[in-house]
Amino acid sequence: MTVQSDGPAVETQLIAALADTARRNLPDGTMPPPFRQPAEPSRPPGRIRSWALPALAAAVVVALAVGALVLTHRSPERTPPAATSTPGSVVTLRSRTPLSATDLRAARRILLDRARVLGAQGGEVRIVGSDEIVLTLSGVAPDNVGDDLGARYALEFRPVLIDTLPFSARSAPAPSSSSAGSRPAADPWRSLGFAPPKDVAAFEALSGAQQGAVRTVVKDWDCGNAPSEQQDVPIIACDQAHTAKYLLGAAIVASDQTGAATAVAPDAQSGRYGWGVVATLTPAGQRQWAAYTGEHNEVKHPTDQANVVADVLDGVVIQASTIEEQISGATEIVTGLGQDGAKRLAGFLTAGVLPAPLDVVSVKPN
Amino acid sequence: MQLATPATEVAFEELYRAHWHTMVRVAMLLVDDVESAKDCVQDAFVGLYRKPLRNPDAQLAYLHRSVVNAARSALRRRGTARRHLRNAEVDDVQGADHALIVSAEHAAVMAALRQLPQRQREVLVLRYWAALPEAEIAATLGIRPGTVKSAASRALAALETTLGGLR
């Protein structure tokens, strides 16, 4: 974005942003789906929310499927492979560094669990040397394997220390030759000269000049850099679409403190309109999470920056949200996925964190 | 059941066609994604269908109120106890390939908007997108007009601070 010394009033910016967002998401002239009358008899007036919503939701889904509008770029949900044929895949994954025997054993178990999530009816794992794993899977078509099969799936919760910065290719002096991921993890704090803040309080305790220096580091960060995986150190992370940059503090809940996850179905009556994923935490993780959310929430300190927490998956922010009140149970981490996406994410999280990221080198039909 | 006579059915259809688009946009700015927004709006129209209002002038206010309520429920229930403020894959910014720079600015404004308490966000959306007068915003949200004014100025100040950090 351009540097504006004398930018438009915030109201003007807001009006433009609202209008742009509204028009982009629902273009002018988009026709409404036909109104589906509620099928059930009337209920006493006064209540707005309706118990007939499941039926309506179904009606809306049908209407949307028929509807001509194409506004979202969401990938369509995959249909399961036909049961008649038994497609199979041979997947070769490779680690960038040699793995220990223990790590290889762990990787083998996790990959088999993930394969089951993908619908594999059977499979075998062959370990080649200390860095290559070959999976032979039946019941999984090559198209359904996905590059993320070898991703670590390390989920952490980190505080968002400052307001989010937009990221656009122009704002970073990115060397164009190297691609994301292949670049080694960079230490953004090398040039800082003082310890980077691990939480909001530490950031606020910095002098104005130091805060400015931290902001500059964030501003100059290139989302193509491999994100750091050090849990006790603040990191700069981007969202998947590379539209926003976050300065995140040390992990409140680390990736070895998250446990099984479950996909939860839409439930219109409770206001969940899409599939979501709920993660459980280990007892230690739960204690830390309850302690943090008990101290930092909208009830106790309205609009406090420390209330904002990001869910980070393999160094990428999948969601940032505000803590409304103390959370002592399972935590919903993301919503708005399709059924397949939610089940896949939940299944992969449940399978566990790979000891190292594995690149999918090849996927061949079998 | 005899909820609506054919004549009022027609009137309802007209109302639906006339306001669906506007309402979905308002809801979308409150809940961040179009699909949830459409569900909120459907919900609101079902309420109106079930309980037709005598005074046609009140219909729009009723719809606004229902949409805001549905959006609140949707947001409230998105997390077990967390309000979902910003889904990282924000639909509004990655949707188009063009106008990248402009959209980065708008994305920053929208991101800042999502960090506000929901009440303040509602006030801003109703005021600066729906362009409702203060009294109507107050009626929609069930607060006093004075509160609308103060919430709006607090929200704008917060936005300014957040966005100021970007320059």
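Residue selection: residue B:69 fails the criterion of being over 20 Å from residue A:17 (Cβ atoms) and outside any helix (DSSP H, G or I).
Could you check segment A:14-31 and list, in sequence order, the residues that are buried (at least 21 other Cβ atoms within 10 Å of the Cβ) and assigned to a helix (DSSP H, G or I)? Outline the logic, then answer.
Filtering segment A:14-31 down to residues buried (at least 21 other Cβ atoms within 10 Å of the Cβ) leaves A:14, A:17-18, A:20-22, A:25-26.
Selection gives A:14, A:17, A:18, A:20, A:21, A:22, A:25.
Of the residues making up segment A:211-229, those that are modelled with pLDDT of 85 or more and either among the hydroxyl-bearing types (Ser, Thr, Tyr) or touching a Phe, Trp or Tyr at 6+ places or on another chain (Cβ under 9 Å) (or both) are A:211, A:213, A:214, A:216, A:217, A:218, A:221, A:222.
Considering (1) surrounded by 24 or more Cβ atoms within 10 Å (Cβ to Cβ); (2) touching a helix residue (DSSP H, G or I) at 6+ places or on another chain (Cβ under 6 Å); (3) farther than 30 Å from residue A:189 by Cα, the lone condition that residue A:279 does not fulfil carries the number (2). Within this structure, residue A:298 passes the test of being in contact with a strand residue (DSSP E or B) (Cβ under 7 Å, 6 or more places away or on another chain), outside any strand (DSSP E or B) and farther than 19 Å from residue A:202 by Cβ. Among the residues of segment A:136-167, the ones that are in contact with a helix residue (DSSP H, G or I) (Cβ under 6 Å, 6 or more places away or on another chain) and at positive phi come to 1 in all. Screening segment A:306-366 for strands (runs of 3 or more DSSP E) wholly inside it with 2 or more residues that are of a type in the set (Gly, Ala, Ser) and modelled with pLDDT under 90 returns the ranges A:316-323. Within segment B:108-135, the set of residues being surrounded by fewer than 19 Cβ atoms within 10 Å (Cβ to Cβ) and more than 30 Å from residue A:239 (Cβ to Cβ) comprises B:131, B:133, B:134, B:135. The condition (being small (Gly, Ala, Ser) and either without any contact (Cβ under 8 Å) to a residue 12 or more places away in the chain or more than 9 Å from every other protein chain (Cβ to nearest Cβ) (or both)) is satisfied by just one residue among A:356, A:310, A:320, A:330: A:356.
Quick grid of which residues meet (1) away from every other protein chain (no Cβ under 12 Å); (2) modelled with pLDDT of 90 or more; (3) more than 28 Å from residue B:32 (Cβ to Cβ):
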position: A:197; (1), (2), (3): yes, yes, yes
position: A:231; (1), (2), (3): yes, no, yes
position: A:239; (1), (2), (3): no, no, no
position: A:265; (1), (2), (3): yes, no, no
position: A:268; (1), (2), (3): no, no, no
position: A:278; (1), (2), (3): no, no, no
position: A:289; (1), (2), (3): no, yes, no
position: A:303; (1), (2), (3): no, no, no
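Limited to segment B:13-48, what total is found for residues that are among the hydroxyl-bearing types (Ser, Thr, Tyr), under 17 Å from residue B:69 (Cα atoms) and in contact with a helix residue (DSSP H, G or I) (Cβ under 8 Å, 6 or more places away or on another chain)? Result for segment B:13-48: 1. Has segment B:116-133 got at least one residue that is at pLDDT 85 or above, part of a helix (DSSP H, G or I) and closer than 12 Å to residue A:10 by Cα? Yes: one or more hits.
Evaluate segment B:142-153: report whether one residue or more is at pLDDT 85 or above, among the basic types (Lys, Arg), surrounded by fewer than 22 Cβ atoms within 10 Å (Cβ to Cβ) and outside any helix (DSSP H, G or I). The answer is yes; a qualifying residue exists.
The values are calculated or read from the model by the stated rules, or taken from the named source; none is laboratory data. In this text the structure is predicted, and so the values were computed from the model without any measurement. Note that we place each Cβ from the backbone using ideal geometry, even for glycine, and neighbour counts take in every protein chain shown.
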